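The values are calculated or read from the model by the stated rules, or taken from the named source; none is laboratory data. All figures in this text were calculated on a predicted structure; none of them were measured in a lab. Here the Cβ positions follow ideal geometry from the backbone for every residue, glycine too, while neighbour counts run over all protein chains shown.
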Amino acid sequence: TPLGPTSSLPQSFLLKCLEQVRKVQADGTALQERLCAAHKLCHPEELVLLGHALGIPQAPLSSCSSQALQLMGCLRQLHSGLVLYQGLLQALAGISPELAPTLDMLQLDITDFAINIWQQMEDVGMAPAVPPTQGTMPTFTSAFQRRAGGTLVASNLQSFLEVAYRALRHFTKP
Amino acid sequence: ECGHISLPTSTVRLGDSITASCTISPNCSHLGPESQILWKLGTQLQLGERQQRLADGSQESTITLPPLNRPRDLLSCCLRWGNSVQILDQAELWAGHPPAAPHNLSCLMNLTTNSLICQWEPGPHNHLPTNFTLKSFKSRDNCQTQEDSILDCVPKDGDSHCSIPRKYLKLYRHMGIWVQAENALGTGKSPQLCLVPMDVVKLEPPTLWALAPSPEVAPPQPGCLLLRWELWKPSLYIEQKCELRHQPQLGEASWALVGPLLPETLQYELCGLLPSTAYALQMRCVRWPLPGQWSDWSPSLILTTAQQ
Amino acid sequence: ECGHISLPTSTVRLGDSITASCTISPNCSHLGPESQILWKLGTQLQLGERQQRLADGSQESTITLPPLNRPRDLLSCCLRWGNSVQILDQAELWAGHPPAAPHNLSCLMNLTTNSLICQWEPGPHNHLPTNFTLKSFKSRDNCQTQEDSILDCVPKDGDSHCSIPRKYLKLYRHMGIWVQAENALGTGKSPQLCLVPMDVVKLEPPTLWALAPSPEVAPPQPGCLLLRWELWKPSLYIEQKCELRHQPQLGEASWALVGPLLPETLQYELCGLLPSTAYALQMRCVRWPLPGQWSDWSPSLILTTAQQ
């Protein structure tokens, strides 16, 4: 059911987005729990310095924050953020055999979510002309860096999703 | 080669017949000039309609077999040799029907194995080796257009179900699915389903508990019961509504339904019940407001209401 | 790389200690000139013995760890940064023992699966990931010389048995077999077996039947029983001898042994028994005169002798 850019999107699309945010959050939590259990990397704040050195990028969500809430801008930022996280998770490939299934599930769910947003934006004619790219990704040169990177990326992803969830919640209110 | 059977096809419909020919080459040692070619279908010896000598000196016999009424048979080309019958070549004959279109195709998304499991009914046995393949494609609209290549899911031999792993699925997009049956005589296709995996999630029922009276929890009023329930853990991210049903353990009492109920409730008082009576309580949930399938009813929780 | 731990080895014997060093590169942003390097073993923070500035401006700390008493531990190289402790690198430390030599290696040739199944006892746990491999070679003599390359049979994770399929076996030739256990600290080898697969065939017991009286078969004398038995089908090609044992079902009676008996007997009269008494009968067979292993005793056949 196509809609004009100004009016809100179909309710079912926004409800699906909320469900997908919760699903990706659950996957992210599973990854964090396993990194903590298997490798004692339980506190991202212990890895800030390493994060700077590795150059792990963060995804902006200014149009989703309460101060400047704007539906289409928020969706665009949410989509490119998800694309960024797809790239970061791919860079973590080979993290460890025990974590690989959890990482795969997270990647699949993020990819699904990104495609849904993109296709909905296309359906309402609001998709950017050029799809966003992942940009330069950090290179993790050791097993430890992949695990530490995984802890930082998972933590950043949870904060990213928290902001997105609040904005989507706002947009779904009748 | 001493003898060679040639057939137009080795598979025909039950009741059809086949014309076969067998050529015995001249250099088939010990071959007398006018050796008689015989045919054996199963265990029955028969003469061909026509036997002729070909230009290159080989002998050729042709036979039109009676309508085949057995799914599988062996046709042998033989030669009388002294007082024995020598087999020189053999061919397998199959008879059956083209496969019926599989029917009753249904699919469920399993959150435990994270795969879409589809099952179908193969239809009547067609007596021939038949391959079933579950075929699917992703679609941007209601399965009118195909977004990418067709995925084949091949079930284990004899199975009438197949499961598509998570990595081949787009959980929130439409996909067209059908079953194709194929044997030597043709192909049968089931009607095509068009579904969204998340809309066919198979939820496990919630877990029901009695709420034991404690300092924080006052004991229930007479005719009331204190309960709590928890959603099935892998489905926590899915917004759901639930229903409760209860039935006094008295003879042929019927179920009474209570709902819709919120999926997560730490404390719920169910009232309007008969005092000091044992009740069976069951609960089920469904994805809501997004489309979904009801879970089965949970196993019964048996609780007894307080005395008057 | 911001920080890098270097270790001589990541696996030592339990109770040994390790000297590690960690180098923090100057370009690790926000690094103050005299940042203090800290070490964390498990959850315990420690200072290194020595911290020095290297020519290229990086800082290096060295630490000799206390004797390791846990099979697996995590060593982290950290930096005090503001009031937080930042982890810059992490290394897994393993402590255990070289593998003990596996023992009690024994093999049986299984005629049903047509494979040589060997089992062993792995010996005490050595706390380290350990790979077991069943190694074998064919030999023309008594396993003094090796005829061909060594075959590796790798058991499933955690299993202490492995089966060598028929196609790798010469059933009537000698083969040398041993088990090798390997972990980061060394290798343990079991004593070598030298066997011929056919000499270690595991026979299933024969099947015992009562012989019902019939026109051809006169009823048994008092104190006698009429029996027949059949060899285990897959072993029919093996010449065998058998033994029968019987025990009256009376309190603590012991088994009486009858043998050797021919492997195939259509009718056998067992006499010298107490009249109208229930007897338990069992039978076993062995490859004979060629070497072999006795089968287990067959399940009991309970028969009662006629009255006086």
Report summary line: Only one of (1) within 14 Å of another protein chain (Cβ to nearest Cβ); (2) at pLDDT below 95 does not apply to B:Gly259, and that is (1)
Requested in this report: Would you tally the residues in the stretch C:192-210 being in a loop (DSSP other than H, G, I, E, B) and among the charged types (D, E, K, R)?
Outcome: 1
Query raised in the report: Within the stretch A:128-153, can you find the residues that are within 13 Å of another protein chain (Cβ to nearest Cβ) and of a type in the set (A, V, I, L, M)?
Result: A:Ala143, A:Ala148, A:Leu152
Query raised in the report: Looking only at the stretch B:167-195, which residues are of a type in the set (Val, Ile, Thr) and either within 14 Å of chain A (Cβ to nearest Cβ) or under 16 Å from B:Cys143 (Cβ atoms) (or both)?
Result: B:Ile177, B:Val179
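Yes/no per residue for (1) closer than 23 Å to B:Leu93 by Cα; (2) in contact with a strand residue (DSSP E or B) (Cβ under 7 Å, 6 or more places away or on another chain); (3) among the charged types (D, E, K, R):
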| residue | (1), (2), (3) |
| --- | --- |
| B:Ser35 | no, yes, no |
| B:Leu38 | yes, yes, no |
| B:Thr43 | yes, no, no |
| B:Thr62 | yes, yes, no |
| B:Pro67 | yes, no, no |
| B:Arg72 | yes, yes, yes |
Query - Residue pairs meeting the criteria (Cβ under 6 Å; at least 6 apart or on separate chains; first within 7 Å of another protein chain (Cβ to nearest Cβ) and without any contact (Cβ under 8 Å) to a residue 12 or more places away in the chain, in the stretch A:40-52; second outside any helix (DSSP H, G or I) and among the small types (Gly, Ala, Ser)) - result: A:His52/C:Ser29
Requested in this report: Name, by its number, the condition in (1) closer than 21 Å to A:Met72 by Cβ; (2) part of a helix (DSSP H, G or I); (3) at pLDDT below 95; (4) not charged (D, E, K, R) that does not hold for A:Pro174.
Outcome: (2)
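For every residue, the table says whether it meets (1) in a strand (DSSP E or B); (2) within 30 Å of C:Cys118 (Cα to Cα); (3) within 12 Å of another protein chain (Cβ to nearest Cβ); (4) of a type in the set (A, V, I, L, M).
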{"site": "C:Val12", "(1), (2), (3), (4)": "yes, no, no, yes"}
{"site": "C:Lys40", "(1), (2), (3), (4)": "yes, no, yes, no"}
{"site": "C:Gln51", "(1), (2), (3), (4)": "yes, no, no, no"}
{"site": "C:Asp56", "(1), (2), (3), (4)": "no, no, no, no"}
{"site": "C:Pro66", "(1), (2), (3), (4)": "no, no, no, no"}
{"site": "C:Asn69", "(1), (2), (3), (4)": "no, no, no, no"}
{"site": "C:Ile87", "(1), (2), (3), (4)": "yes, no, yes, yes"}
Report task. State yes or no: is C:Leu75 surrounded by fewer than 22 Cβ atoms within 10 Å (Cβ to Cβ), within 14 Å of chain A (Cβ to nearest Cβ), in contact (Cβ under 8 Å) with a residue 40 or more places away in the chain and within 12 Å of C:Ala20 (Cβ to Cβ)? Result -> no
Report summary line: When (1) in contact (Cβ under 8 Å) with a residue 12 or more places away in the chain; (2) loosely packed, with under 15 Cβ neighbours inside 10 Å; (3) more than 30 Å from C:Leu93 (Cα to Cα); (4) within 14 Å of chain B (Cβ to nearest Cβ) are applied to A:Lys16, the one that fails is (2)
Report summary line: Of the residues in the stretch B:136-160 that are in a loop (DSSP other than H, G, I, E, B) and acidic (Asp, Glu), the one that is nearest to the chain's Cα centre (by Cα) is B:Asp159
Query raised in the report: Right, B:Lys233: basic (Lys, Arg) and either surrounded by 16 or more Cβ atoms within 10 Å (Cβ to Cβ) or at positive phi (or both) or not?
Result: no
Report summary line: Over the stretch C:55-85, the set of residues more than 47 Å from the chain's Cα centre (by Cα) and basic (Lys, Arg) is C:Arg80
Requested in this report: Please work out which residue is nearest to B:Ser190 (Cα to Cα), limiting yourself to the stretch B:133-157 and to residues that are touching a Leu at 6+ places or on another chain (Cβ under 9 Å) and among the aliphatic types (A, V, I, L, M).
Outcome: B:Leu134
Requested in this report: Scan (1) modelled with pLDDT under 90; (2) in a loop (DSSP other than H, G, I, E, B); (3) within 30 Å of A:Asp109 (Cβ to Cβ) for the single condition B:Pro213 breaks and write down its number.
Outcome: (3)
Report summary line: Inside the stretch A:26-39, the number of residues satisfying the requirement of being buried (at least 20 other Cβ atoms within 10 Å of the Cβ) and within 14 Å of chain B (Cβ to nearest Cβ) is 2
Requested in this report: Tell me, yes or no, whether the stretch B:178-191 has at least one residue that is without any contact (Cβ under 8 Å) to a residue 24 or more places away in the chain and over 18 Å from the mean Cα position of the chain (by Cα).
Outcome: no
